[in-house]
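Novice: Quick one: the structure is below, questions incoming.
The values are calculated or read from the model by the stated rules, or taken from the named source; none is laboratory data. As the structure is a prediction and not an experimental result, all values here were calculated from the model. Virtual Cβ from ideal backbone geometry, glycine too; neighbours counted across all protein chains shown. For the accessible areas, the whole protein counts, side chains as well, though only heavy atoms, and no ligand, DNA or RNA atoms are used. Shrake-Rupley method; radii C 1.70, N 1.55, O 1.52, S 1.80 Å.
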Amino acid sequence: SEEGARGEEESAPLLKGIRLHLLRALLEGHAERDEVVREVMARSSVGVGTSNGPRSAIVTALGKEWKQAEPLWTESDACYSLTTRGEAWRRHLSAQDEPPHTAESSRGGGGEAWRRH
C-alpha cells in the first residue's frame, strides 16, 4: 500500500545526488555558502553541463532545502546550520561507513545514492 511504502521511506530515507554532497560538506564543518560550494565542486560533478553551471545548481539546492519534508539544514543569510535530522546522519556518513556508489545517475547529482538504515 501507499501508506506502507511511505513508512518505509521515512524509516530508511534515501539521500542521493546533490543533497548527499551538500550534507557531507555541512557535516565536515563547512557552514558558509562559498565554503560549501567550493567543497561540493571539488568532490563532485554536480551541475556540470547545466545551463547555469555548478555554482548555481549548488546554491539553488542549498536554498531549497526548507521545502523538503524533513530539512537537513537551515539557512540564515549565507550560512547553514544542520537540523537535528541532518546531524543524525553524521554516524552514517563517517569515513568508515562510506555509502556505496551506484551505477544509476541522477540528473545533476553525480549518480551517488545511499540509504540510511
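Novice: Tell me which residues, restricted to the range 68-78, are more than 14 Å from ARG19 (Cα to Cα) and open to solvent by 60 Å² or more (accessible area, probe 1.4 Å).
Specialist: The answer is GLU75, SER76, ASP77.
Novice: Within the range 31-44, work out how many residues are assigned to a loop (DSSP other than H, G, I, E, B) and either open to solvent by 80 Å² or more (accessible area, probe 1.4 Å) or under 10 Å from HIS21 (Cβ atoms) (or both).
Specialist: Matching residues across the range 31-44 total 1.
The rows are residues; the columns are (1) within 13 Å of LEU23 (Cα to Cα); (2) at pLDDT below 70; (3) touching a helix residue (DSSP H, G or I) at 6+ places or on another chain (Cβ under 7 Å).
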| position | (1), (2), (3) |
| --- | --- |
| THR50 | no, no, yes |
| SER56 | no, no, no |
| TRP66 | no, no, no |
| SER81 | yes, no, no |
